[in-house]
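Before any comments, here is the structure.
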Amino acid sequence: MSFGFLPNEGQPDFEAMMRQFKEMGLDPAAIEGAMAGAKTFFDSAQSIAGNPNQSLIAINSLRDIARKVIASTGENPIGTSDQKRVLDALAIANTWLDSEILFPSAEANLQPAWSKRDWLDSSLLTWQQMIEPLAVGMADALANVMNGAQEGLPVELAGLENQSAEQQKAMKEMLARLLRSFMGSLIANQLGQSIGAIANNITGANDAAIPLSSGAHLIPQNIAQWSQGLGLPEAEVDIYLALREVSAARLFASTPWLASYIRDAITTYGKGISIDVEAIQRQAEEAMGREDFDINNPQSLTIAIDQGLFTPQQTPAQEFALTKLEMALALIEGWIDHVISQVGAERIPSFNALIENSRRRRAVNSPMQQLFATLLGLEVSPRKMREAAVFWSEVKTLRGSDGRDRCWEDPAFLPMPKDLKDVSAFLNSVTVPDDLSGLI
């Protein structure tokens, strides 16, 4: 038997695929559903598949998906009063932080108040670059499984016995491109949904606590949502969130290596992705036994994937990469909480209520946490963030605020989980530089 669906000007013959799969005795109804989905997918992903050098995660797809999520909750325009209100809050935050942190403030920007869409458009490229290595790792793992399955079949069952070497090569290349397109589309959809959810929740450009864009900006619409029901003065809420925003902006501007550090950890994780076919088959069989699982229902498959149906086993290198990533994220959040406590606890009457609300929201309703949990199986625990804040407090006690901030000089000075238990021993094991010029 030979498969008559090799590329014809880039478009496979799905009807031929249907006929020949039926000849092999496969269930017609299941095939029809799968082929309909495959054709729809191929039509949407063909532009990516035709260019193997193109990014798997398309910026336009991310933007469109995220904007739909934003539109579902509405978006308020930014007015002159918003700009003044935010500018005043950021100015106060900068003045207070000048005496506490070593990282210098940036020049005031002309648009300190942002809409949700402003944040989205400014961060899209960074999101794409950060998550792209994960999509590549998944695509490569899927391609390896497909190639292994094809090579393990007898030629007549693989449907290649009457095909020339050139035709076989063309078919494999087409399949590889389709798999890459499929994985890119899958990740783009998931990432776009998450970015949209983040845009609907964050209070500032740096509220996600990872380096995504430059400068300090606040999002008035989300601030109003964040403070709803707290019964606290608007000015105190603004200054508190401005302190978080400014401290993060200063940190990221002075540590350009942080962005690549996070991306490298995700790249290492992506390179180690492999798929255990037997384990997936066992999990799939268990899932099919559940009343809520329908293999012909794409939504059911999506839910199964989100619940970990296809979660691969992690290698030691991947586990270490996730540990580095978790520690970096916890240390960033811990440092922010620590430094704003140093300058805000005695100046803002409602500071304790504000920081507790902030921590609670990060713990129970953080789209950023959900994103990393879904894509990487990584959850940065609130406990780890609190431990990181205590770590920075102890570093300040031992080395002063300048010595604390110089620990960000390069990744070599960042602690690992075991180092949080004995801060003095950690500091004695590393040489914290006296000069911070290399950071700026």
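The values are calculated or read from the model by the stated rules, or taken from the named source; none is laboratory data. All values reported here derive from a predicted model rather than from experimental measurement. Methodologically, a virtual Cβ is constructed for each residue, glycine included, from the backbone with ideal geometry; neighbour enumeration extends over all protein chains shown.
Residues being at pLDDT below 70, in a helix (DSSP H, G or I) and not aliphatic (A, V, I, L, M): count how many of those fall in segment 244-289.
6
The requirement of being under 19 Å from the mean Cα position of the chain (by Cα), over 25 Å from residue 405 (Cβ atoms) and buried (at least 22 other Cβ atoms within 10 Å of the Cβ) is fulfilled nowhere in segment 83-101; no residue meets it. Is segment 232-240 home to any residue that is assigned by TED's automatic domain parsing to the domain that holds residue 337, among the hydrophobic types (A, V, I, L, M, F, W, C) and crowded, with 20+ Cβ neighbours inside 10 Å? Among the residues of segment 232-240, at least one is assigned by TED's automatic domain parsing to the domain that holds residue 337, among the hydrophobic types (A, V, I, L, M, F, W, C) and crowded, with 20+ Cβ neighbours inside 10 Å, which makes the answer yes.
Within the set 219, 198, 223, 202, the sole residue that is free of Cβ contacts under 8 Å to residues at least 24 places away in the same chain and of a type in the set (A, V, I, L, M) turns out to be 223. From the list 367, 433, which residue is surrounded by 13 or more Cβ atoms within 10 Å (Cβ to Cβ), within 23 Å of residue 266 (Cβ to Cβ) and either at pLDDT below 90 or within 25 Å of the chain's Cα centre (by Cα) (or both)? 367 is the lone residue from the list that is surrounded by 13 or more Cβ atoms within 10 Å (Cβ to Cβ), within 23 Å of residue 266 (Cβ to Cβ) and either at pLDDT below 90 or within 25 Å of the chain's Cα centre (by Cα) (or both). Restricting attention to segment 338-364, the residues that are crowded, with 19+ Cβ neighbours inside 10 Å and within 24 Å of residue 123 (Cα to Cα) total 1.
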